[in-house]
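Contents: one structure, followed by commentary.
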Amino acid sequence: MDITKDLPQNITNLIEQHKYTGETDFDYLVGEGGYIPQSEDLLTDLIVAIAQGKNILLKGPTGSGKTKLAETLSSLFNQPLFSVNCSVDLDVESFVGFKTIDYQDGKQIIDYVPGPLVQAMKNGHFLYIDEINMAKPETLPVINGVLDYRRQITNPLTNEVIKAKEGFNVIAAINEGYIGTTRLNEALKNRFIVIDVSYLQGEQLKNLIKNNTNLNDEKLINQYVQLSHDLIAATQQGKVSEDAASIRALLDACDLSEMIPPKRAIRRAIVNKLEDDREQDVVQNLADMLFE
Ligand SMILES: Nc1ncnc2c1ncn2[C@@H]1O[C@H](COP(=O)(O)OP(=O)(O)O)[C@@H](O)[C@H]1O
Ligand SMILES: [Mg+2]
């Protein structure tokens with residue numbers, strides 16, 4: 001599916017003008033695409049912001065397609081996407097790289113292996129910073145430098161001053177769901193264009209299920225669309241934690257339902273992931289009401 005086909009000409013022109021056409025060793029990091037946008041505006045605004053080199057913050061609950069969206073932008077602009085996940089990659093090294101000891105002609109030398117941030121800046125590619133609200137305070141000076149309009153950092157490992165090459169862009173994501181999560185500090189948020197990403201619903205969700213899962217049964221697909229709607233309502237009311245409404249889990253349940261009864265599929269893909277027994281009951285009851 002070509003998501004750009006209904007965009008106005010001046011917007012598709014922007015993509016052409018800013019598409020990466022040079023040589024790169026990082027072709028394998030160009031995303032596959034596949035994100036279905038909630039609206040044409042969302043896509044237009046993202047393309048404009050990227051073309052203008054703005055920092056982008058994707059804000060939305062878990063499993064709403066933020067990573068998929070970043071990969072799709074990478075694909076549209078043919079830009080390798082380097083990634084850092086702040087909830088996993090905790091130290092400054094995860095951004096800038098590390099030093100190792102190597103041997104050359106029998107002599108010990110210190111080698112430097114550049115990290116994703118350095119690679120993206122030097123080559124003029126994209127950097128995806130996932131769960132940026134989880135970044136440790138010691139990494140903030142580095143992140144701030146990257147987001148600064150000067151696009152320049154001093155590599156703390158090598159003292160090299162790195163200036164981003166044309167084409168470099170930052171796309172960050174934050175799981176700011178319906179139930180409050182760790183907020184992003186205001187000074188940091190200030191540096192971004194913020195794009196709300198929400199769960200696809202209705203017809204759009206139906207299309208996503210049809211295109212991305214094994215499920216073909218029209219009736220079951222409609223029931224799953226309804227289940228998703230009910231699960232989102234339950235998270236908004238605080239009855240179940242946000243993970244229950246993740247589209248990722250819903251798609252898994254749809255896949256399994258091709259072969260096994262939906263209630264069992266839902267138990268495996270959604271219910272059993274919830275830690276709280278009461279939450280499990282809420283979801284199971286919703287499923288029992290919808291499916292035979
Ligand atoms: N709007 C969407 N378009 C395409 N795929 C989606 C969409 N929303 C969710 N998904 C699918 O749901 C799963 C989770 O998406 P992901 O990007 O990992 O979510 P997030 O990063 O927000 O947690 C992926 O398999 C993705 O393909
Ligand atoms: Mg993600």
Exercise. Take the Cα radius of gyration of the chain and divide it by 2.2 N^0.38 Å, with N its residue count; two decimals is plenty.
Key: 1.13
Quiz prompt | Within a Gaussian network of the chain (alpha carbon springs, distance under 10 Å), most fluctuating of GLY65, GLY33, GLY22 | solution = GLY22
Quiz item: Roughly how many whole Å is it from the C-alpha centroid of the range 108-145 to that of the range 184-262?
Solution: 31
Practice problem: Arrange ARG151, ARG278 by Cβ neighbour counts within 10 Å, fewest through most, would you? | Solution: ARG278, ARG151
Self-check item: aspartates and glutamates whose Cα lies under 18 Å from that of LYS273, excluding same-chain neighbours fewer than 8 positions away
Solution: ASP230, GLU242, ASP243, ASP252, ASP255, ASP281, ASP288
Exercise. Would you calculate the separation in nanometres between label points at THR12 and LEU140, each defined as 7 Å from the Cα along the Cα-to-beta-carbon direction?
Key: 4.5
Quiz prompt | Length-normalised contact order of the chain in % [C-alpha pairs under 8 Å, at least 6 apart] | solution = 19
Quiz prompt | Fraction of antiparallel bridges per DSSP, the chain only, in percent to nearest 5 | solution = 40
Quiz item: What angle, in degrees between 0 and 90 and rounded to the nearest 10, separates the Cα long axis of helix 66-76 from the longest principal axis of the Cα atoms of the chain?
Solution: 60
Exercise. Obtain the nm distance between the two label points defined at GLU258 and LEU90 by a simple spin-label model: each point lies 7 Å from its Cα along the Cα-to-C-beta direction.
Key: 4.0
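Report, in cubic angstrom per residue, the convex hull volume of the C-alpha atoms of the range 100-181. Kindly include the intermediate steps, with their values, before the conclusion.
On the way: hull volume 9.8 nm³, N = 82.
For the range 100-181, the hull spanned by Cα atoms encloses 119 Å³ per residue.
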Exercise. Arrange the following residues from fewest to most other Cβ atoms within 10 Å of their Cβ: TYR224, TYR112, TYR199.
Key: TYR112, TYR199, TYR224
Quiz item: On a 0 to 90 degree scale, rounded to 10, what angle separates helix 9-18 from the longest Cα axis of the chain?
Solution: 40
Practice problem: Calculate, in nm to one decimal, what ASP288 and VAL113 gain on full extension: separation in residues at 0.36 nm each, minus their alpha carbon distance. | Solution: 57.6 nm
Quiz item: What is the distance, in nm, between label points placed 7 Å from the Cα along the Cα-to-Cβ direction at VAL48 and at ASN222?
Solution: 3.9
Quiz item: Taking the Cβ-Cβ separation of HIS229 and SER39 as r and a Förster radius of 22 Å, what is the calculated FRET efficiency to the nearest 0.05?
Solution: 0.75
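If you average the sequence gap of Cα pairs under 8 Å that are 6 or more apart and divide by the length of the range 202-290, what percent do you get for the contact order?
On the way: 87 pairs, mean separation 26.0, N = 89.
The value is 29 percent.
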Quiz item: What is the fewest-to-most order of SER87, SER75 by other Cβ atoms lying within 10 Å of their Cβ?
Solution: SER87, SER75
Quiz item: Are any of the pairs LYS19/LYS136; LYS19/LYS99; LYS54/LYS206; LYS19/LYS66 more than 24 Å apart by Cα-Cα distance, and if so, which?
Solution: LYS19/LYS136; LYS19/LYS99; LYS54/LYS206
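Each reported figure results from applying straightforward, stated rules to the coordinates on display, with no laboratory input. Since we're looking at a predicted model, the values are computed, not measured. Neighbour counts run over all protein chains shown; Cβ positions are idealised from the backbone, glycine included.
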